[in-house]
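These notes concern the structure reproduced below.
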Amino acid sequence: MKRDKKAVFFDRDGTLIEDRHYLKDPDGVTLLAGAAECVRALREAGFLIVVVSNQSGVARGMMTEDDVRRVNERFCALMREAGAPVDGMYYCPHFPGGSVPAYAADCACRKPKTVMAEAAARDLGIDLCASYAVGDKAADMLFGANAGMKAGFLVLTGYGTDERGKIAGLPFAEEAASLAEVAEKIAEREARRG
């Protein structure tokens, strides 16, 4: 498949939905203010929307992969209902210090490693160099930088305010106060490029 599409890679918890700390109940999925509007604006600008999420609660024995899938299905349904469908969902269930042996691994897919980006690029025909990363943690920014994306935006929701010091000196990343500002900043960058 030709890789010529651009995408925005979003973290899930604390970025697009409220962070409920090891969320396993689909009824607990609540979209953050501006999530659907941001995704709609980016889709209208020609971006695919990909969600990439570390779900170490599986390795820690706090949830199952089925729980993660059910939460993701609910999230995707809410986004579709809001007119902001997601093109791809990827998650990592591993954690080196986990208590579930099958998942207690130092894997290649946990952000800031890039396997989830590479899988999405392969599956959806994405040019990672034309893409962006958005999240509320430094690991999300490093994920984008490691995957060769254009830029990353640390949104000051979820853990964003606490994590902002960790991206100081990382030229790839900049802060955004809200998801609306993320969409604006990406539009500005794309306009300068054109």
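What follows is calculated from the coordinates using simple rules that are stated; it is not laboratory data. Note that the structure is predicted; figures quoted are calculated from it, not measured. Cβ coordinates were reconstructed from backbone atoms using ideal geometry, including for glycine residues, and neighbour counts include every protein chain displayed.
What to note about this one:
- Reported to the nearest whole Å, the Cα centre-to-centre distance from the stretch 90-138 to the stretch 146-161 is 14.
- Relative contact order of the stretch 41-194, pairs being alpha-carbon contacts under 8 Å that are 6 or more residues apart, as %: 16 percent
- Here HIS94, HIS21 are placed in order of increasing Cβ neighbour count within 10 Å, fewest first, which gives HIS21, HIS94.
- Qualifying trypsin sites (Lys or Arg not before Pro) for the stretch 86-194 [loop in DSSP, other Cβ within 10 Å: at most 12]: none
- Applying both filters, DSSP loop and at most 13 other Cβ atoms within 10 Å, to the trypsin sites (Lys or Arg not before Pro) of the stretch 1-68 gives LYS2, ARG3.
- Residue exposure sequence - VAL29, VAL86 - by fewest surrounding Cβ within 10 Å: VAL86, VAL29
- Length released on extending from ARG122 to ALA33, taking residue separation times 0.36 nm less the Cα-Cα span: 28.9 nm
- On Cα atoms only, tilt of 115-124 relative to the major axis of the chain in degrees: 60 degrees
- Model label points for ALA191 and ALA104, set 7 angstrom from Cα along the Cα-to-Cβ axis, are 5.3 nm apart.
- With a simple spin-label model that places each label point 7 Å from the Cα along the Cα-to-Cβ direction, the separation between ALA177 and VAL115 comes to 4.0 nm.
- Counting DSSP beta bridges with both ends in the chain, the antiparallel % (nearest 5): 5 percent
- For the residue pairs LYS2/LYS166; LYS5/LYS150; LYS113/LYS137; LYS6/LYS113, the C-alpha atoms sit more than 24 angstrom apart in LYS2/LYS166.
- Each Lys or Arg adds one and each Asp or Glu takes one away; over the other residues whose Cβ falls under 10 Å from the Cβ of GLY125, this sums to +1.
- Listed values (1) 2.02; (2) 0.96; (3) 1.35 include one computed from this model; for Cα Rg over 2.2 N^0.38 Å that value carries the label (2).
- Cα extents for the stretch 146-194 along the principal axes, largest to smallest and rounded to whole angstrom: 34, 24, 16.
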